Amino acid sequence: MSIVSSLLVGACSDDPPVGSPAAKSEELGRNGGGRPVIGVGEGGTYQRTVVFMDTTRDTSMFVSWDFENHGEPGGVRRSVRAWLGRGGEWALFMEDEWVTEPGGAPWRILPRGSARLVVGQEDVLQEIYYREGIRDLSVRLGEAVVEWSGQRGELYRILRGAAHLSGVETEGIVLDVSAVRAEGAEAPLEWAFLTDGGPLRLLVADPEGPGPYRAWARRGSTDLSWPEVTVTWEETRSFDRARRDVPVLWRFESWDAELAGEFWAESSHLQTQDSTGAILPVLGVYEIVGEVTVVGSGPRTSVWGFLRHYQR
């Protein structure tokens, strides 16, 4: 697939849409006990990632949209990257960066080029799609399964969903992850979503930058959370283009030992980011597999999922 120079970002008014991640982040900042959320127009950054994941395990399919808006004195710098992963092969099918004028709502998601969106009542995002020539690809967001929030306004939403590619529809899970950061604050660097294909949904995230991770799980109708989880890179490999090592095997354990496990890279796509330093930043998407133990769930459970990785 060719790279499409287009970005999808969206809202219909200058106020955060009711029920949207931006609005929920503001509410969390006021009422959730966390720090007040600073909008990107004040020098911060708004990040959002929407990922479709096939959960049947008959085949593996991922569609990941990763975009970021950063407030600057002359406007809002917007960037997007999107990947399609199928059967262990990944392609960066969409990439763009540009600057829009200041003012308005800098968290807004704006249609651009071949990319479009479908927005429902209360400006809730329902579908992301693009069409180029005879190729078409869409991700449809369905009913919410569970929602978790971090102390700094991060919002992690797990929904039922489907992807449509060249006339074939695949059902699965959609992750909708958003975060707002004040100027100079560490952005979320890494998060992994894992499922056993049944009742277990597990998210392990690094919301604060360097330091302990956090984790949330939904097992059937039971919600669990762990405020402090240690994650270590047990194995790495050399990524010569960035002149650094990247992880391929992770182990994790909560402080109370009620959550433990490991996962490793089944496939991945890594790319370098612009930098003036000798060692380049890396952004990557991974298909991961592993095993986890959750208190009360019996023996170790086989899991698989998606990981977003970033190294400064």
For the pair V146 and D58, the simple spin-label estimate (label points 7 Å beyond Cα toward Cβ) gives in nm 2.6 nm
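Expressed in nm to one decimal, what extension gain is obtained for the pair E171 and D274 from 0.36 nm per residue of sequence separation less their Cα-Cα distance? Kindly include the intermediate steps, with their values, before the conclusion.
Working: separation 103, 0.36 × 103 = 37.08 nm, distance 3.59 nm.
In short, 33.5 nm is gained.
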Here the gain from full extension of L110 to E291, 0.36 nm per residue of separation minus their alpha-carbon distance, amounts to 61.2 nm
The range 70-86 and the range 105-165 have their Cα centres apart by a whole-number Å value of 15 Å
For 140-152, 79-91, 268-280, ranked highest to lowest by mean beta-carbon neighbours within 10 Å, the order is 79-91, 140-152, 268-280
Under the rule rounded for a/c under 1.5, else prolate if a/b exceeds b/c, else oblate, using alpha carbon gyration tensor axes a ≥ b ≥ c, the range 234-274 is classed as prolate
Taking R0 as 51 Å and r as the Cβ-Cβ distance between T230 and D136, the FRET efficiency 1/(1 + (r/R0)^6), rounded to the nearest 0.05, comes to 0.75
Taking a label point 7 Å from the Cα of E95 along Cα-to-Cβ, the residues of the range 66-80 whose backbone nitrogen sits under 13 Å from it are 80
Taking a ≥ b ≥ c as the square roots of the eigenvalues of the Cα gyration tensor, with a/c under 1.5 meaning rounded and otherwise prolate when a/b exceeds b/c and oblate if not, the range 128-171 is oblate
Quick calc: nm separation of the 7 Å Cα→Cβ label points for A257 and R300 -> 1.6 nm
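So, counting K/R as plus one and D/E as minus one, what does the shell of residues with Cβ under 9 Å around N69 add up to?
Working: positive: R48, R77, R78, R108; negative: E68.
Net charge in that neighbourhood comes out at +3.
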Here the gain from full extension of E122 to W264, 0.36 nm per residue of separation minus their alpha-carbon distance, amounts to 47.2 nm
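Only the coordinates and a few stated rules stand behind these numbers; no lab work does. Everything numeric in this text was worked out from a predicted model, so none of it was measured. Backbone-built Cβ (ideal geometry, glycine too); neighbour counts: all protein chains shown.
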